[in-house]
């Protein structure tokens, strides 16, 4: 059985056929899906999905690209929703220096507020990082994020950075890019991550793995990520499926 630890089934790309997408995932051995809400609309949809499907869970937070839009009321709303037993994490949150919608200082402030919230409600943190590694690691250390730990979502950084994050009680999650032929660093890092710190995800509908790259991603394709990591680590697919599922259950506290 596989667990897709980061999916956006709440995205507009699935408006027409989300039920069929979920059925395909189950048919491919995906036992649980964690849907990520990152603004008002996607959080609302994530909450609907967890009430509709017993094997779907949610993490809820505020995306750094839209940090400038987040109000104190939004943060209070997220805190209230986090009381739901199937909300299993806070995020995705973090920093994104690729897009310039939200100034860096605003992103950092919103990031720190969400770490504080995660510690308050005792839930793990899901980290979004784009071109902001040094600042993210620094803030995680300063805010003592190790207290709750979390997930470095769709990790593409160096092993040195992964090691710093693992030392702060974070798991390293790999998505579609680890299957790309030219993705030298993700492949090398995936080889080195200990099995007890490893997670897999699709980040669907984005970052579709080979051989479907360029098409819409979906949770059923998480098996291709597991297959690639098994090959890189020279272990069986079954072992990767079992270990990553155990890790997901542990970090999200789901049975």
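Bear in mind these aren't lab numbers, they're just calculated from the coordinates by the rules spelled out. Note that the coordinates shown come from a computational prediction; the quantities given were computed from them, not determined experimentally. All Cβ positions, even for glycine, are placed from backbone atoms using ideal geometry, and neighbour counts span all protein chains on display.
So here's what we get for this one:
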item: Radius of gyration and Dmax over the Cα atoms of segment 139-255, both given in Å; result: 13.8, 41
item: The chain, helix-only ellipticity at 222 nm - DSSP H runs n ≥ 4, -39,500 (n - 2.57), divided by all residues, nearest 500; result: -13000 deg cm²/dmol
item: q = 0.13, 0.14, 0.28, 0.32 Å⁻¹, segment 1-44: log10 I(q)/I(0) [Debye, one scatterer per Cα]; result: -0.29, -0.33, -1.04, -1.15
item: Potential extension, residue 159-residue 109 segment - 0.36 nm per residue separation minus Cα distance; result: 15.3 nm
item: Footprinting exposure proxy for 203, 196 (fewest neighbouring C-beta atoms within 10 Å first); result: 196, 203
item: Relative contact order (%) - criterion: Cα under 8 Å, at least six apart; region: segment 1-143; result: 20
item: Relative intensity, log₁₀ I(q)/I(0), of segment 126-170 from a Debye sum that treats every alpha carbon as a point, q = 0.17 Å⁻¹; result: -0.39
item: Span per principal axis, largest first, for the Cα atoms of segment 1-88 (Å); result: 41, 26, 19
item: Rg(Cα)/(2.2 N^0.38 Å) for segment 176-244, N = residue count; result: 1.02
item: Kirkwood hydrodynamic radius (C-alpha pairs) into Stokes-Einstein, segment 95-195, 10 °C and 1.306 mPa s, D in µm²/s; result: 113
item: Choice from 205, 103, 219 showing the highest fluctuation, given a GNM over the chain with Cα pairs closer than 10 Å; result: 103
item: Cα pair distances in the chain, grouped into 10 Å bins until the bin that holds the longest one, percent each; result: 8, 34, 39, 18, 1
